[in-house]
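> My questions all concern the structure below.
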Amino acid sequence: MHHRILRLILFFTSALFVLTAYAESELNMPVGGTILSEEIYKLHMAGFYVCCGIGVVVFGVLIYSLIRFRKSKGAQAAHFHEHLGVEIIWTTIPFLILVALAIPATIVLGHIHNTDKSALTLKITGYQWKWKYEYLDQGISFFSVLSTTQDQINNKAKKSEWYLLEVDHEAVVPINTKIKLLITADDVIHSWWVPALGVKQDAIPGYINENWIYVTKPGTYRGQCGELCGLNHGFMPIVVKAVPQAEFDQWVKNHHPGNSFTPLQPALNPLTGDALLALGKAQYEKNCVMCHQANGAGLPPSFPALKKSRIVTGAPDAAIAFVLSGVPGTAMQAFGEQLDDQNIAAIMTYIRSAWGNSDLVKQQKYSTVIQPKDVAKVRQGSKP
Amino acid sequence: MTEAIIHTHAAADHFDAHHGPEKGFKRWLFTTNHKDIGTLYLLFSLVMLFIGGLMALVIRAELFEPGKVLIDPEFFNQMTTMHGLIMVFGVIMPAMAGLANWMIPLMIGAPDMALPRLNNWSFWLLPFAFCLLMSTLIMSGPAPDFGWTFYAPLSTTYGPKSTDFFIFSVHMMGASSIMAALNIVVTIFNMRAPGMTWGKLPLFVWSWLVTGFLLLAVMPVLAGCVTMMLMDRHFHTSFFNAAGGGDPLLFQHVFWFFGHPEVYILILPGFGIISEVVSTFSRKRLFGYKFMVAATVLIAFIGLIVWMHHMFTTGAPITAQLYFMYATMLVAIPTGIKIFNWLATLFKGSITFETPMLFALGFLVMFTIGGFSGVMLSLVPADYQYRDSYFVVAHFHYVLVSGSLFAIFAAIYYWLPKWTGRMYSERLGQIHFWLSVIGMNLAFLPMHFLGLAGMPRRIPDYPLQFTDFNQLCTIGAFIFGMAQLVFLYIILKECVSHTKPDVSNQVWEGAKGLEWTLPSPPPYHTFETAPIVP
Ligand SMILES: [Cu+2]
Ligand SMILES: [Cu+2]
């Protein structure tokens with residue numbers, strides 16, 4: 001019998017070693033790089049150690065009883081079956097332990113809710129499946145979209161180091177500054193979660209939730225959407241770059257205030273058809289592919305096909321107008337607010353040419369190629 | 001009063017007391033016999049366990065490696081949704097209801113359930129509800145894909161067409177549960193044998209009584225919730241639609257007002273089972289009976305007023321967060337009382353390790369671990385990091401798989417010889433147990449680490465640094481799945497075997513209670529004249 005117990009102990013210790021061999025995989029909550037993330041980490045560890053302590057007692061008594069009071073060892077059952085004293089003891093002691101845990105939790109929670117005296121306000125809006133960042137004081141605003149390619153996701157290309165945790169435009173923030181976060185959503189509920197910043201805050205349509213960060217360590221912080229938000233919930237990462245104040249100021253200067261992220265529009269120069277197609281394919285894969293799919297077949301009935309679509313292959317102005325203003329109340333967003341004229345033109349050229357659409361377009365004697373100035377015209381026309 | 005009711009019942013039952021069960025499928029379709037209905041519930045739950053389990057394996061297979069492995073995100077979301085709904089409403093709840101049907105009349109000395117026809121209906125709603133739900137998988141367009149929590153507006157404005165089928169099937173499940181709960185409560189109040197006082201009621205019966213009240217309190221709220229969804233989807237109301245002046249958070253309040261008590265609905269009958277099993281195989285009376293009952297009532301009561309702990313990250317005001325944190329922490333106290341009393345029952349007992357006891361001990365250890373992560377989750381600031389991560393996935397699988405499901409396994413091994421009159425193969429039972437324990441821990445322990453490191457739940461693909469642990473989880477899940485095939489074999493063998501009964505009335509040396517005074521297997525009708533409980 002003793003051998004069996006020994007073997008069990010051996011098994012569990014070796015299992016423990018196997019686990020530590022995985023130490024390179026993250027085992028614990030990150031301490032993180034903000035004031036709050038550190039406080040939360042400490043609270044988490046306190047909770048963990050308390051549980052370990054109780055665990056030792058409970059499992060200790062359990063194991064002792066199972067070894068000591070086996071019938072096979074001739075144990076005779078005792079007859080006691082109640083005792084007020086012990087019941088009171090094991091009601092009060094846990095109660096006191098819980099009070100001891102509740103106190104630090106209450107204090108940290110107070111800190112989380114204190115968004116006063118922030119020096120910068122960053123508004124974050126969740127969309128199906130991207131984030132919009134607005135620096136309210138600086139007048140900068142842009143969308144941030146997953147930059148991992150479809151080929152990587154479909155195992156056709158080697159996966160990059162930050163597979164699924166990389167975006168086209170990172171949110172840049174200064175260190176040693178209290179930054180207030182205003183978090184909301186445009187369509188369904190999302191959740192802005194960056195573990196190492198100590199923030200998870202739901203983004204809910206119709207609500208603006210507050211939280212704050214004060215980053216102490218410069219670096220790149222990565223996270224993902226934390227609330228199921230539909231098809232591509234797993235593909236809307238968050239990347240925050242924390243830099244010294246001077247670098248942040250420079251970054252602000254480089255960016256034209258206004259809706260579009262791209263510094264100063266590269267004019268509305270006409271591009272060649274091939275250039276438009278190449279750019280359009282890339283932009284399509286970034287902005288449209290999650291719903292309308294790479295082969296243009298969509299996922300009907302949720303997301304219609306663009307292949308052979310009447311709208312796509314019809315009159316250019318109507319097609320452009322459709323994509324610019326989207327369909328309110330559906331997943332089809334108003335891309336006019338997200339992309340500049342050149343990118344829209346490129347995407348339109350691409351979807352009117354690909355998947356055999358060009359034949360349909362030509363049958364109706366329309367041109368497949370759409371130039372940035374065409375988009376600009378429609379945009380102007382749609383303004384009241 | 002009580003006796004008068006027993007009397008009229010005995011008279012009514014007398015009419016068909018002398019013929020046995022009908023032959024063929026009619027027996028099962030029209031049965032009003034509590035044993036038949038109990039068996040139907042249990043078999044239904046067994047089938048659903050394998051369907052829901054298969055879906056879990058599809059999920060785990062897709063997560064074996066980063067990148068697309070088997071299925072696309074659209075199907076993945078349908079799998080997580082169906083898996084959750086099936087396991088909660090199709091496996092655990094029907095299994096507990098089946099055990100209640102079989103055992104409560106036997107344990108309180110009643111001839112049958114109080115409302116036998118209602119009983120038949122409440123079971124037969126279920127297969128139809130689930131056929132309706134699962135039929136969405138073969139319809140054009142996606143099946144429900146918004147998670148078993150079906151948050152609005154993802155499930156309303158943005159929900160697929162099949163959501164209406166989902167709503168209707170939830171209504172049917174709800175009606176079934178309400179009727180079952182009503183029946184159980186009424187039975188326990190009115191059908192106890194003379195002398196079966198509240199102070200002598202077995203703990204399994206007590207915990208089902210409390211569970212019955214919980215069900216009656218919250219299932220109508222769930223029905224209200226899905227009805228509001230239906231109105232939003234088709235009748236131009238805006239309960240949950242911010243653009244129309246509604247409130248997406250209202251959905252979460254209503255849902256979790258049902259959802260939190262629901263988890264106690266899933267676990268409380270399990271507590272009752274563990275109390276029976278631990279005491280039998282320690283050959284010792286349950287320690288602290290009164291405190292065990294009080295703790296059950298207390299857990300249920302507190303369970304009704306802590307729902308917002310599922311909504312800590314929704315931007316709730318600090319006062320609400322504090323109240324719900326403190327209230328949630330309080331749940332740990334009656335739960336602790338339970339654990340400590342079980343330990344005290346084991347202490348100085350005369351312990352043996354038959355399969356039911358093994359599952360009960362597995363429950364004791366792993367449910368406690370799930371309880372620990374529950375306490376950690378109640379700390380609001382830490383919950384900001386845990387919520388909707390794999391840490392939560394680990395937490396609720398520890399309390400539901402090694403909690404509720406293990407309790408159900410314990411119950412089945414414990415009472416199976418009573419039901420069939422034959423002992424199952426102890427060796428196979430032990431294999432089933434050990435494979436389950438290994439598979440379960442391999443599958444769910446690493447999920448704690450994944451969640452802490454930042455892996456969100458419900459994602460079909462993940463960053464590279466989560467690969468190792470995910471592979472362990474997948475291997476564990478498949479081991480757990482294989483283990484259930486052993487279980488299936490044991491059950492099927494019992495069902496088809498025609499050998500002579502080979503166990504005594506008492507079956508287990510330490511077993512006490514009315515059910516163990518009956519022959520094994522018990523005749524089709526039992527306790528037609530009420531026994532006198534000394
Ligand atoms: Cu999401
Ligand atoms: Cu809960």
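The values are calculated or read from the model by the stated rules, or taken from the named source; none is laboratory data. Bear in mind the structure is a predicted one, so any value in this text is a computation, not a measurement. Because the Cβ atoms are built from the backbone with ideal geometry, glycine has one as well, and the counts that use them run over all protein chains shown. Note: areas computed on protein heavy atoms with side chains; ligands, DNA, RNA excluded. Shrake-Rupley method; radii C 1.70, N 1.55, O 1.52, S 1.80 Å.
> How many residues are assigned to a loop (DSSP other than H, G, I, E, B) and acidic (Asp, Glu) when one looks only at region A:314-332?
0
> Another question, if that's okay. Tell me, which helices (runs of 4 or more DSSP H) lie completely within region B:341-402 with 3 or more residues that are more than 11 Å from chain A (Cβ to nearest Cβ)?
Those helices (runs of 4 or more DSSP H) span B:355-378, B:390-399.
> Continuing with this model, one more query. Out of the residues in region B:291-335 that are farther than 27 Å from A:Gly55 by Cβ and touching an Asp or Glu at 6+ places or on another chain (Cβ under 7 Å), state the one that is surrounded by the fewest Cβ atoms within 10 Å (Cβ to Cβ).
Checked region B:291-335; the qualifying residue surrounded by the fewest Cβ atoms within 10 Å (Cβ to Cβ) is B:Gly315.
> Identify, please: which residue in region A:77-92 is under 18 Å from B:Met329 (Cα atoms) and surrounded by 15 or more Cβ atoms within 10 Å (Cβ to Cβ) and is, among those, nearest to the other protein chains (Cβ to nearest Cβ)?
A:Trp90
> Please tell me if B:Asn101 is in contact (Cβ under 8 Å) with a residue 24 or more places away in the chain, surrounded by fewer than 24 Cβ atoms within 10 Å (Cβ to Cβ) and under 17 Å from B:Met179 (Cβ atoms).
Criteria not met by B:Asn101.
> Moving on to the next point. In this structure, does A:Ile67 turn out to be open to solvent by less than 80 Å² (accessible area, probe 1.4 Å), more than 9 Å from chain B (Cβ to nearest Cβ) and of a type in the set (A, V, I, L, M)?
In short, yes.
> So, one more: Go through (1) farther than 16 Å from A:Val239 by Cα; (2) under 19 Å from the mean Cα position of the chain (by Cα); (3) open to solvent by 20 Å² or more (accessible area, probe 1.4 Å) one by one and return the number of the condition A:Ser147 breaks.
A:Ser147 satisfies every listed condition except (1).
> Conditions first: (1) within 23 Å of the chain's Cα centre (by Cα); (2) crowded, with 16+ Cβ neighbours inside 10 Å. B:Tyr489 passes all but one, so which condition is the exception?
(2)
> Can you work out which of the residues in region B:307-355 that are over 27 Å from the mean Cα position of the chain (by Cα) and within 30 Å of A:Ala75 (Cβ to Cβ) is nearest to ligand 2 (Cβ to nearest atom)?
B:Phe347
> Among (1) over 22 Å from B:Leu99 (Cα atoms); (2) at pLDDT 95 or above; (3) surrounded by fewer than 24 Cβ atoms within 10 Å (Cβ to Cβ), where does B:Lys348 come up short?
With (1) over 22 Å from B:Leu99 (Cα atoms); (2) at pLDDT 95 or above; (3) surrounded by fewer than 24 Cβ atoms within 10 Å (Cβ to Cβ) applied to B:Lys348, the lone miss is (2).
> Looking at B:Thr319, B:Thr328, can you tell me which residue is more than 7 Å from every other protein chain (Cβ to nearest Cβ), free of Cβ contacts under 8 Å to residues at least 12 places away in the same chain and part of a helix (DSSP H, G or I)?
B:Thr319
> Look through B:Phe64, B:Phe89, B:Phe130, B:Phe44 and report the one residue that is among the hydrophobic types (A, V, I, L, M, F, W, C) and open to solvent by less than 10 Å² (accessible area, probe 1.4 Å).
It is B:Phe130.
> When you look at A:Ile103, is it within 30 Å of A:Gly47 (Cβ to Cβ), at the interface with another protein chain (Cβ under 7 Å from one of its Cβ atoms) and under 33 Å from the mean Cα position of the chain (by Cα), yes or no?
Here the answer is no, as A:Ile103 does not meet what is asked.
> Just checking, which of A:Ser141, A:Ser118 is touching a residue at least 12 places away in the same chain (Cβ under 8 Å) and open to solvent by less than 30 Å² (accessible area, probe 1.4 Å)?
A:Ser141
> While we're on this one: Just one of the numbered conditions (1) within 16 Å of ligand 2 (Cβ to nearest atom); (2) buried (at least 19 other Cβ atoms within 10 Å of the Cβ); (3) more than 11 Å from chain A (Cβ to nearest Cβ) is not true of B:Ala217; which one?
(2)
> Mind checking which residues of region B:356-370 are open to solvent by less than 10 Å² (accessible area, probe 1.4 Å) and either in contact with a Pro (Cβ under 9 Å, 6 or more places away or on another chain) or within 16 Å of ligand 2 (Cβ to nearest atom) (or both)?
Of everything in region B:356-370, just one residue is open to solvent by less than 10 Å² (accessible area, probe 1.4 Å) and either in contact with a Pro (Cβ under 9 Å, 6 or more places away or on another chain) or within 16 Å of ligand 2 (Cβ to nearest atom) (or both), namely B:Gly370.
> Considering only region A:305-328, state which residues are within 25 Å of the chain's Cα centre (by Cα) and open to solvent by 50 Å² or more (accessible area, probe 1.4 Å).
Within region A:305-328, A:Val327, A:Pro328 qualify.
> Something else now. Only one of B:Thr296, B:Thr314 is within 16 Å of ligand 1 (Cβ to nearest atom) and either under 16 Å from B:Leu215 (Cα atoms) or not basic (Lys, Arg) (or both); which?
That would be B:Thr314, the only listed residue that is within 16 Å of ligand 1 (Cβ to nearest atom) and either under 16 Å from B:Leu215 (Cα atoms) or not basic (Lys, Arg) (or both).
> Within region B:252-263, does at least one residue satisfy the condition of being modelled with pLDDT of 95 or more and more than 16 Å from ligand 2 (Cβ to nearest atom)?
No; the residues of region B:252-263 include none that is modelled with pLDDT of 95 or more and more than 16 Å from ligand 2 (Cβ to nearest atom).
> Take the residues in region B:227-277 that are assigned to a helix (DSSP H, G or I), open to solvent by less than 10 Å² (accessible area, probe 1.4 Å) and among the aromatic types (Phe, Trp, Tyr), then tell me which one is farthest from B:Phe291 (Cα to Cα).
Looking at the filtered set, the residue picked out is B:Phe251.
> Among what's in region A:177-191 and is more than 10 Å from ligand 1 (Cβ to nearest atom) and part of a strand (DSSP E or B), pick the residue that is farthest from B:Gly147 (Cα to Cα).
For region A:177-191, the residue satisfying everything is A:Lys178.
> Exactly one of these conditions fails for A:Val145: (1) under 27 Å from A:Tyr41 (Cβ atoms); (2) in contact with a strand residue (DSSP E or B) (Cβ under 6 Å, 6 or more places away or on another chain). Give me its number.
(1)
> For region B:448-476, which positions are closer than 22 Å to A:Asp202 by Cα and either outside any loop (DSSP other than H, G, I, E, B) or charged (D, E, K, R) (or both)?
The answer is B:His448, B:Leu450, B:Gly451, B:Leu452, B:Ala453, B:Pro456, B:Arg457, B:Arg458, B:Asp461.
> Scan region A:31-44 and report the pairs whose first residue is more than 11 Å from chain B (Cβ to nearest Cβ) and whose second residue is in a helix (DSSP H, G or I) and charged (D, E, K, R), with Cβ atoms within less than 7 Å and a gap of 6+ or a chain change.
Between residues of region A:31-44 that are more than 11 Å from chain B (Cβ to nearest Cβ) and residues that are in a helix (DSSP H, G or I) and charged (D, E, K, R), the close pairs are A:Val31/A:Glu38.
> Another one. Could we say that A:Phe95 is at the interface with another protein chain (Cβ under 7 Å from one of its Cβ atoms), aromatic (Phe, Trp, Tyr) and open to solvent by 80 Å² or more (accessible area, probe 1.4 Å) here?
yes
> Scan the helices (runs of 4 or more DSSP H) fully inside region A:228-304 and keep the ones with 2 or more residues being surrounded by 14 or more Cβ atoms within 10 Å (Cβ to Cβ), within 14 Å of chain B (Cβ to nearest Cβ) and modelled with pLDDT of 85 or more.
Per the criteria, A:289-292.
> Just to be sure, is B:Gln471 within 14 Å of chain A (Cβ to nearest Cβ), within 30 Å of A:Trp193 (Cβ to Cβ) and open to solvent by 30 Å² or more (accessible area, probe 1.4 Å)?
Against the criterion (within 14 Å of chain A (Cβ to nearest Cβ), within 30 Å of A:Trp193 (Cβ to Cβ) and open to solvent by 30 Å² or more (accessible area, probe 1.4 Å)), B:Gln471 qualifies.
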